[in-house]
Amino acid sequence: MAQQEDVFKKLVAHCKEYGFVFPSSEIYDGLGAVYDYGQNGVELKNNIKKYWWDAMVKLNDNVVGIDSSIFMHPTIWKASGHVDAFNDPLIDNKDSKKRYRADVLIEEQLAKYDDKVEKEITKAKKKFGDTFDENKFRETNPNVLREQSKRDALLTRFAKALNDNNLEELRQIILDEGIVCPISGTTNWTEVRQFNLMFTTEMGSTADGAMKIYLRPETAQGIFVNFLNVQKTGRMKVPFGIAQIGKAFRNEIVARQFIFRMREFEQMEMQFFVRPGEEMQWFDYWKSFRLKWHKALGMGDENYQFHDHDKLAHYANAATDIEFRMPFGFKEVEGIHSRTDFDLSQHAKYSGKKIEYFDPELNKSYTPYVIETSIGVDRMFLSILAGAYKEEELEGGETRVVLRLPAVLAPVKLAVLPLIKKDGLPEKAREVMNTMKLEFNCQYDEKDSIGKRYRRQDAIGTPFCVTIDHQTLQDNTVTVRYRDTMEQERVSIDALHTMISKQVTGAELFNKLLQ
Ligand code: GAP
């Protein structure tokens, strides 16, 4: 675990050193849980968004996109339930004056019990070797049974407190479990209070009577309130989907783990409108499609898992997360929810407008049910970087840091490198660069030894390095060096474009999605 934390720290440092992610407002000492994307980060982020958009909108005939505004009428958030219920339970430690999410403190306590059990198992595995029977050990070992029973009791109590929205009980659990503040080490806790996560601002001047409005905490509501506009103008027939990519804002109490939990982030969401009663079949369809989308990137199938929700929001009748193995454990990257007709019905109620669909095949009107797929761009970015970051030992004792990014997502697709800075090689390299840059994001580099230049490209995940040497001037061939295998191959300049194009455009991945 400590080793994994170490890798995570190195990844964060790498992101800064190579222009992927910077703390926001850094020269003013930063702003909590807000980040800026640098020259390589923005390319990777744009490529992620394009991969999502093309897979959802281009590949599915019945999905279209929109781009709704961040500011919306405040009643939208009343209708959606965010004004009344988009809360986190917070608790303060009176000694350190630090604020925590009460539910997160309890979840961490649950994880501690899990860790204890895992430690017992690792110890026993070492001791008994091949003869070790893990299931039997779990069922009979007194230490494991004791920790497991404490954990189960805590989970039951915690789930009930959350379900009953019982803030006093949450506090009591923290006290009974002896959970201390990591800074002060004391249990001197305040009451637990609900804290709404929406940011507010004002629209219009105060003299005119300014209106309090919210920065959207999800992009989904912009889709719901445009349901009729898109359905009518696009002559869409149920089932159909509306997709959107955009910024969302949440005043997270516990904002940490780098870009995993931010206060300003980006979402890629799709609401798929279906006939009531058909939602479960579409829920299964989108679960499977979305998992394929992740796995097609080749980051290792074993690094993904579904996590079905036991506790459903009052409007949902099914929900699951797609989790990725981050350096700090399996974590949610995407949520897939069956949201019934809750949102459209609420907007009909609060706006006083009829929001229904006339189904010509059934010859009747109804409020469609909705399947939502919702993924954070920044979390996806983090999962890809975490999976791609490798420190490798090479022959001769050398090491390299390489980002084994899927070529389709890599910020720079190819680097063009003249072997030396004379003899007409830079001019020839510029010529190659000028044709390649029409289609691919390329980088020209003539500084330092070729080895150093390869390392720089490895560190940002460039899949191809193209070296121009004296032979190029004679036979129009170049050396292509592959990032992952580090193998080199002589290729004609005329064949370069087709070879690179095949690997960096999404077509091959999209084929996998359609199978
Ligand atoms: N419309 C549904 C919705 O917003 P959610 O589970 O709250 O559902 C969906 O968020 C996704 O948005 C998450 O799976 C995560 O990837 C991303 N996300 C949510 N809060 C985030 C935050 N504070 N920072 C970064 N990403 C976040």
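The values are calculated or read from the model by the stated rules, or taken from the named source; none is laboratory data. Note that this is a predicted model, so its numbers are computed, not measured. Positions of Cβ are generated from backbone atoms using ideal geometry, with glycine treated the same way; all protein chains shown enter the neighbour counts.
Observations on the model:
- Subset of the stretch 385-406 that is within 24 Å of Ser501 (Cβ to Cβ) and in contact with an Asp or Glu (Cβ under 9 Å, 6 or more places away or on another chain) - its residue that is surrounded by the most Cβ atoms within 10 Å (Cβ to Cβ): Leu403
- Of the helices (runs of 4 or more DSSP H) lying entirely inside the stretch 389-489, those carrying at least 3 residues that are of a type outside the set (Asp, Glu) and within 32 Å of the chain's Cα centre (by Cα) are 450-460.
- Sole residue being among the hydroxyl-bearing types (Ser, Thr, Tyr), modelled with pLDDT of 95 or more and in contact with an Asp or Glu (Cβ under 6 Å, 6 or more places away or on another chain), chosen from Ser365, Ser351, Ser345: Ser365
- In the stretch 276-294, residue farthest from the chain's Cα centre (by Cα) [restricted to those that are of a type outside the set (Phe, Trp, Tyr) and surrounded by 17 or more Cβ atoms within 10 Å (Cβ to Cβ)]: Glu279
- For the stretch 18-39, filtered to residues that are touching a Cys at 6+ places or on another chain (Cβ under 9 Å) and away from the ligand (no atom under 16 Å from the Cβ), the residue that is nearest to Arg453 (Cα to Cα) is Gly38.
- Asn40 of a type in the set (S, T, N, Q), at pLDDT 95 or above, part of a helix (DSSP H, G or I) and more than 29 Å from Val192 (Cβ to Cβ): yes
- Count of the stretch 260-272 residues which are part of a strand (DSSP E or B) and either in contact with a Leu (Cβ under 8 Å, 6 or more places away or on another chain) or within 12 Å of the ligand (Cβ to nearest atom) (or both): 8
- Evaluated against (1) within 16 Å of the ligand (Cβ to nearest atom); (2) buried (at least 22 other Cβ atoms within 10 Å of the Cβ), Gln346 falls short on exactly one condition, (2).
- Residue-level check: of (1) in contact with a strand residue (DSSP E or B) (Cβ under 6 Å, 6 or more places away or on another chain); (2) exposed (fewer than 14 other Cβ atoms within 10 Å of the Cβ), Glu5 misses just (1).
- When the residues of the stretch 351-384 are filtered to those that are surrounded by 15 or more Cβ atoms within 10 Å (Cβ to Cβ) and away from the ligand (no atom under 16 Å from the Cβ), the one that is farthest from Lys247 (Cα to Cα) is Tyr366.
- For beta carbons closer than 6 Å, sequence separation of 6+ or different chains, a first residue in the stretch 60-88 that is farther than 20 Å from Gly241 by Cβ and a second that is at pLDDT 95 or above and of a type in the set (Ser, Thr, Tyr), the qualifying pairs are Thr75/Tyr350; Trp77/Tyr214; Ala79/Tyr350.
- Restricting attention to the stretch 407-430, the residues being surrounded by 14 or more Cβ atoms within 10 Å (Cβ to Cβ) and either touching a Pro at 6+ places or on another chain (Cβ under 7 Å) or farther than 25 Å from Gly461 by Cβ (or both) number 8.
- Unique match (being surrounded by 12 or more Cβ atoms within 10 Å (Cβ to Cβ), part of a helix (DSSP H, G or I) and under 27 Å from the mean Cα position of the chain (by Cα)) among Leu90, Leu145, Leu162, Leu154: Leu162
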